[in-house]
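**Q** Here's a structure for you.
The values are calculated or read from the model by the stated rules, or taken from the named source; none is laboratory data. Values in this document were obtained by computation on a predicted structure and should not be read as measured data. All Cβ positions, glycine included, derive from the backbone under ideal geometry; neighbour counts span all protein chains shown.
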Amino acid sequence: MTRAVLSLGSNLGDRLGHLRLAVAGFADVLVAASPVYETAPWGVTDQDDFLNAVLIVSGDVDEWGWLRRGQALEQAAGRVRERRWGPRTLDVDVVTVDGVRSSDPELLLPHPGAHERASVLAPWLDVEPDAVVPGHGPVRDLLAGLGLDGVTRRDDLRLT
């Protein structure tokens, strides 16, 4: 049994619908789903804003199982990888899995850059106030250092 933190993002097409597809795809293992946030793009900034959320899931799956499940949902949403950090219908990132560390290029854990992205930290803090990014510290402290510029909680949008 493992517990994972997954980050969701979408900035193409039916953004909310794509996030809902991911929530439905993890419904059988879902522990918590954050509120939806609208965030400015990170990395490549000449693209539309994202909708983001975080899921906490738990099940009889290892870190690779979480990755493959997320990739299957990305594929179902028509995800095309044309450029790094570019626009996408659905992005499902495995942020942490029970403190597992991985240096495999296909699955780096904890997810690199998560500790620098308010689009991950803000929704994660909503569902897990005592969350810690392994090797980086408490999510609350990391988010306080980043601020919330370009990150807006969208209470008018619901995942379920």
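**Q** Suppose we filter Val36, Val23 for residues that are among the β-branched types (Val, Ile, Thr), in contact with a helix residue (DSSP H, G or I) (Cβ under 9 Å, 6 or more places away or on another chain) and within 22 Å of Ala131 (Cβ to Cβ); which single one remains?
**A** None of the other options fit; the residue is Val36.
**Q** Restricting to the stretch 72-113, name every residue that is aliphatic (A, V, I, L, M) and assigned to a loop (DSSP other than H, G, I, E, B).
**A** Answer for the stretch 72-113, where residues must be aliphatic (A, V, I, L, M) and assigned to a loop (DSSP other than H, G, I, E, B): Ala77, Val80, Leu90, Val100.
**Q** Looking at (1) over 15 Å from the mean Cα position of the chain (by Cα); (2) at positive phi, find the lone condition where Gly113 falls short.
**A** With (1) over 15 Å from the mean Cα position of the chain (by Cα); (2) at positive phi applied to Gly113, the lone miss is (1).
**Q** Consider the stretch 114-148. How many of its residues are in a loop (DSSP other than H, G, I, E, B) and in contact (Cβ under 8 Å) with a residue 12 or more places away in the chain?
**A** Of the residues in that region, 8 qualify.
**Q** Can you confirm whether Arg81 is out of contact with any Phe, Trp or Tyr (no Cβ under 8 Å at 6 or more places or on another chain), at pLDDT 95 or above and surrounded by fewer than 17 Cβ atoms within 10 Å (Cβ to Cβ)?
**A** Taking the combined requirement at face value, the residue does not satisfy it.
**Q** To continue, here is another question. I'm told Ala114 meets every condition in (1) closer than 24 Å to Val44 by Cβ; (2) surrounded by fewer than 16 Cβ atoms within 10 Å (Cβ to Cβ) except one. Can you identify the failing condition by its number?
**A** The number of the failed condition is (2).
**Q** Mind listing whichever residues of the stretch 47-71 are part of a helix (DSSP H, G or I) and within 15 Å of the chain's Cα centre (by Cα)?
**A** If the condition is that a residue be part of a helix (DSSP H, G or I) and within 15 Å of the chain's Cα centre (by Cα), then Glu63, Trp66, Leu67, Arg68, Arg69, Gly70, Gln71 are the ones that fit.
**Q** Then there's this: Please tell me if Asp14 is surrounded by fewer than 21 Cβ atoms within 10 Å (Cβ to Cβ), out of contact with any Ser or Thr (no Cβ under 7 Å at 6 or more places or on another chain) and more than 25 Å from Val151 (Cα to Cα).
**A** no
**Q** Return a yes/no flag: does the stretch 39-54 have any residue that is touching a residue at least 12 places away in the same chain (Cβ under 8 Å), crowded, with 20+ Cβ neighbours inside 10 Å and out of contact with any Leu (no Cβ under 9 Å at 6 or more places or on another chain).
**A** Yes, the stretch 39-54 has at least one match.
**Q** So, one more: On the basis of being within 24 Å of Arg154 (Cα to Cα), within 12 Å of the chain's Cα centre (by Cα) and either touching a residue at least 24 places away in the same chain (Cβ under 8 Å) or buried (at least 21 other Cβ atoms within 10 Å of the Cβ) (or both), does Val94 make the cut?
**A** When the stated conditions are applied, Val94 passes them.
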